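Here the structure is laid out as structure tokens; the discussion comes afterwards.
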Amino acid sequence: MGWATSRWIFIALAGLSLSGCQMFQGIFGGGRPDTQPPAADESGEWRQIATSADRDRLRRLRAAWTHALQQARAAGHGPELDALGPLADPDVALPDPLPSPGSYACRTIKIGAKSPGMLDYIAYPPFHCAVTAEPGGRLGLAKLTGSQRQKGMMWADAPRRGVFLGTIELGDEGRPMAYGADVDRDVAGVVERVGEARWRLAMPWPRWESNLDIIELTPAG
């Protein structure tokens with residue numbers, strides 16, 4: 001990583017730490033200062049703010065894994081999937097599912113074509129993500145670079161599973177939309193630890209391109 005890139009990441013993280021509370025409040029509170037998402041805990045309170053469409057997507061996570069992996073293997077991408085190891089194994093989930101606050105390298109893997117003519121497997125180079133500590137014991141997750149940038153909150157849902165809810169920024173947009181304002185921009189996924197200092201965010205049935213998106217998170221540096 002070059003000096004210029006490192007300096008840019010530092011500036012972006014500093015800005016996120018200063019504005020993260022306002023940004024995540026805007027995602028879940030529609031920008032209203034009197035509205036806050038429920039505190040993070042293991043009781044499943046994320047269900048209070050998840051849309052019915054996202055609750056349905058999360059219930060069908062296993063189906064997304066099965067269908068997308070079958071599509072990719074049928075298209076000849078078995079070696080690439082095997083090379084991912086536990087990242088592409090839906091049965092791997094270790095204790096302590098949520099990453100700690102800090103800077104992360106994150107790469108996106110899209111599996112299973114949403115429609116004919118789309119790719120059944122594509123792995124992008126690493127981009128930059130940040131996990132931030134938010135009021136009430138919450139954890140924010142923001143993809144800082146790339147043309148599609150997921151931003152939202154993580155909740156501990158079980159000893160081996162977390163839940164992510166948020167929205168997606170596109171292109172040169174400067175701020176995320178409010179969660180629930182546009183079904184095409186809402187994002188829901190499951191956060192799991194799959195190795196030593198290695199996590200994944202598995203997002204079933206995204207609105208565009210693929211049937212399963214995975215973001216791999218590893219500490220930056």
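Please treat every number below as a calculation from the coordinates, not as lab data. Computed from a predicted structure; not experimentally measured. Note that each Cβ is placed from the backbone with ideal geometry, even for glycine, and that neighbours are counted across all protein chains shown.
Got a sec? Charge dipole of the stretch 151-207, +1 on Cβ for Lys and Arg, -1 for Asp and Glu; which of Thr167, Val183, Ala156 is way out at the positive end?
Checking the options against the dipole of the stretch 151-207, the answer is Ala156.
Please compute one quarter of the surface area of the Cα convex hull for the stretch 86-144 and express it in square nanometres.
Value for the stretch 86-144: 5.8 nm².
Between Asp82 and Leu119, what length in nm is gained on full extension when 0.36 nm per residue of separation is reduced by their alpha carbon distance?
Stretched out fully, the Asp82 to Leu119 stretch lengthens by 11.5 nm.
Can you tell me the length gained on complete extension of the stretch Leu94 to Arg47, counting 0.36 nm per residue apart and subtracting the Cα distance?
14.7 nm
Could you give the alpha-carbon Rg of the stretch 82-221 over 2.2 N^0.38 Å, rounded to two decimals?
Taking the Cα Rg and dividing by 2.2 N^0.38 Å, one obtains 0.99.
Using only the alpha-carbon atoms of the stretch 69-119 as identical scatterers, what base-10 log of I(q)/I(0) does the Debye formula give at q = 0.16, 0.22, 0.27, 0.33 Å⁻¹?
Each listed q corresponds, in turn, to -0.63, -0.95, -1.14, -1.33.
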